[in-house]
Amino acid sequence: MKRIDIIAGARPNFMKIAPIIKALEVRKAQGGELDYRLIHTGQHYDPRMSGNFFSQLGIPLPHINLEIGSGSQAEQTAAIMVRYEQVLLEQRSDLCLVVGDVNSTMACAITAQKCGVPVAHVEGGIRSGDWSMPEEINRMVTDSISNWFFTTSASANKALRSTGVREGQIHFVGNTMIDTLLANMDRLKAPDFWADQRLVAGQYFVATLHRPSNVDDASGFTRLLAAIGEASRGLPVVFPVHPRTAKTLREVDGIPSNFRLVDPQPYLEFNFLVRHSKAVITDSGGITEEATVMGVPCITLRDSTERPETVEQGTNELIGTNPDNVKGVLDKLFSGLWKKGAIPELWDGHTGERIVEVLERIL
Ligand code: UD1
């Protein structure tokens, strides 16, 4: 029996590991030779950012929690490395599987590789080109020391080839985040506040903002919120507030009256809100993929994206971070001219199974 360490640390990791674990469990029950150890780094620790996702998505409790908690970029990365190294020194696994681009991804990839444990990166190869995002640094470092890459798109494959990665290391398997979405589409449910807030399908927006470039400066954030408030023509803007955003929000002068501030939502409620919204306004990457698959218009407040297929094929449009750009794009939405979009290749709900097939061959 060979064993894989599956690493998860922050909210966007949880939906990516769920289908891989499910596929591993299915193969184990059929007599497969692969076992796993689930390691939560504890980067996200409060129930709204972590525990809720485990219970809703049926992810087993982690075998090990490194409990690193909050800290600066370097503090988090260092704490994860120190504690994961101890884990590996006590008991090595045969492979370390990391997903996405958070600090936990990079920290565990470095640690594993230095302990002689090979690394596979799920969602390898995507690039925004924006080095001011910690996630971009995490992607580049992780990819530069990974042995195998599970990719979501042709652009990711191209980026990896351009850095000298060999064809045999790249496995174009699709998108595990979309596996989770498709598996849960029939379970999505309205949040408790749906009725109280008198929300009506197609007659409200969902907004999520947490990137430092949008939320860390209170005056810029105030202008952005005002622009969204004005251009949304009085429709409610449901705004689940990320903990990072909550800090600046306390300093914001005048939150527009049509904003409905709510806690970070559990998975099933959040995607229910997105599915029935008029459009999503976001600076997340993963949400642009989910909106594309649900055919919901998506407006991204960033200058670049590591997921170009959501723009070229999907429902996503990038408008940058300047508040002056909000009105024009919302006018276009209200005029009914938004693109319909198509679903990218292999975003079909079977990526977890394809990953496990490859892992069985590799190991
Ligand atoms: C991290 C990821 C980002 C991802 C985002 C999703 C990195 C570099 N960034 O950014 O890619 O899109 O998560 O949420 O890894 N906090 C809590 N409770 C928690 C977790 C965090 O209150 O459970 C607070 C922290 O104390 C900190 C802030 O939220 O002040 C930000 O958390 P952190 O993990 O540092 O980065 P994110 O901005 O969440």
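The values are calculated or read from the model by the stated rules, or taken from the named source; none is laboratory data. Model, not experiment: these values are computed from the prediction. Glycine gets a Cβ as well: all are built from the backbone with ideal geometry, and neighbour counts include every protein chain shown.
Couple of notes before you dig in:
- Reported count of residues in the stretch 19-55, each being surrounded by 14 or more Cβ atoms within 10 Å (Cβ to Cβ), within 16 Å of the ligand (Cβ to nearest atom) and not charged (D, E, K, R), is 13.
- Some residue of the stretch 222-235 being within 16 Å of the ligand (Cβ to nearest atom), surrounded by fewer than 19 Cβ atoms within 10 Å (Cβ to Cβ) and not charged (D, E, K, R): no
- Each residue in the stretch 314-324 was checked for being among the polar types (S, T, N, Q) and in contact with a strand residue (DSSP E or B) (Cβ under 9 Å, 6 or more places away or on another chain), and 2 of them qualify.
- Of all residues in the stretch 161-180, those that are part of a helix (DSSP H, G or I) and surrounded by 23 or more Cβ atoms within 10 Å (Cβ to Cβ) total 5.
- Test: residue in the stretch 262-274 that is among the hydroxyl-bearing types (Ser, Thr, Tyr), in contact (Cβ under 8 Å) with a residue 60 or more places away in the chain, outside any loop (DSSP other than H, G, I, E, B) and within 18 Å of residue 191 (Cβ to Cβ): yes
- The residues of the stretch 203-223 that are in a helix (DSSP H, G or I) and more than 20 Å from the chain's Cα centre (by Cα), listed by number, are 218, 219, 220, 221, 222, 223.
- If the condition is being away from the ligand (no atom under 16 Å from the Cβ), closer than 28 Å to residue 353 by Cβ and not hydrophobic (A, V, I, L, M, F, W, C), then the stretch 92-118 contributes 92, 93, 94, 113, 118.
- Flag for residue 258 being within 15 Å of the ligand (Cβ to nearest atom), outside the structural domain of residue 126 (by TED's automatic domain parsing) and touching a residue at least 24 places away in the same chain (Cβ under 8 Å): no
- Restricting the stretch 119-141 to residues that are closer than 14 Å to residue 165 by Cβ and over 16 Å from the mean Cα position of the chain (by Cα), the residue that is farthest from the ligand (Cβ to nearest atom) is 120.
- Residue within the stretch 249-267 that is modelled with pLDDT of 95 or more, buried (at least 17 other Cβ atoms within 10 Å of the Cβ), closer than 22 Å to residue 56 by Cα and out of contact with any strand residue (DSSP E or B) (no Cβ under 9 Å at 6 or more places or on another chain) present: yes
- The number of residues in the stretch 104-160 being in a loop (DSSP other than H, G, I, E, B), more than 16 Å from residue 362 (Cβ to Cβ) and of a type in the set (A, V, I, L, M) comes to 3.
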